[in-house]
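The values are calculated or read from the model by the stated rules, or taken from the named source; none is laboratory data. Only a predicted model underlies this, so the values are computations on that prediction, with no experimental measurement involved. Neighbour counts are summed over all protein chains in view; Cβ atoms, including those assigned to glycine, are modelled from backbone coordinates with ideal geometry.
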Amino acid sequence: MIATHIKSQLMSGPEIDRLLVQLAHEIVENTDRTGKLVIAGIHRRGAVLGQRFAEKMRTLAARDFPVGTLDITLYRDDLSTLAQDPILNGADIPFPLEEKDVIIVDDVLYTGRTSLAALKALLDLGRPRTVRLCVLIDRGHRELPLEARFVGRRVETSAPEIIEVQVASIDGQERVLLVEREPAA
């Protein structure tokens, strides 16, 4: 585990919720023309956010949006450096992907490697009509030519800084923090 200290709180729980409502509006208005819109959240926090988007979009559009989760563990290019025995959660996409418009949801977009792994995992499950990425925070520093179509907030960060999104169901509280790595001892 990387040692960090909190520099600042960027968003509170209510601010996160307002941002999710804004993004839900944008997604419904710009992508739900065919009625074939589905959501795939990247396991862990992206999956939680994906469920929350679906609820907000249901309220806006007065219809259900299928939601699934993607486990990208085996698709990561740094798998050998993560753990000797990585924990697999498995993908749960309970609907066919063919001819669907998929929104992949994640909490933070950084280098683009997680998004690439999610895209690979998704395409192993089927061939959707379109795939778009939605993130709560885009912190820049891209290493791959991947961008999110829907972005809640862009935050400029330096190399030692990290954006940490906390959600109640996993972390016991809702907030977005800017944290910084502690110097190596």
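Pairs linking a residue in the stretch 111-122 that is without any contact (Cβ under 8 Å) to a residue 60 or more places away in the chain to a residue that is part of a helix (DSSP H, G or I) and not basic (Lys, Arg), with Cβ atoms under 7 Å and 6 or more positions apart or on different chains, are 117/75; 120/75; 121/75. Residue-level check: of (1) surrounded by 17 or more Cβ atoms within 10 Å (Cβ to Cβ); (2) within 21 Å of residue 13 (Cα to Cα); (3) not small (Gly, Ala, Ser), residue 154 misses just (1). Scanning the stretch 23-53 for residues that are surrounded by 14 or more Cβ atoms within 10 Å (Cβ to Cβ) and of a type in the set (S, T, N, Q), we see that the one that is nearest to the chain's Cα centre (by Cα) is 51.
Checking each residue in the stretch 130-156 for being basic (Lys, Arg), closer than 15 Å to residue 39 by Cβ and either assigned to a strand (DSSP E or B) or modelled with pLDDT under 95 (or both) picks out only 132. Inclusion of residue 52 among residues that are in contact with a helix residue (DSSP H, G or I) (Cβ under 6 Å, 6 or more places away or on another chain) and at pLDDT 95 or above is warranted.
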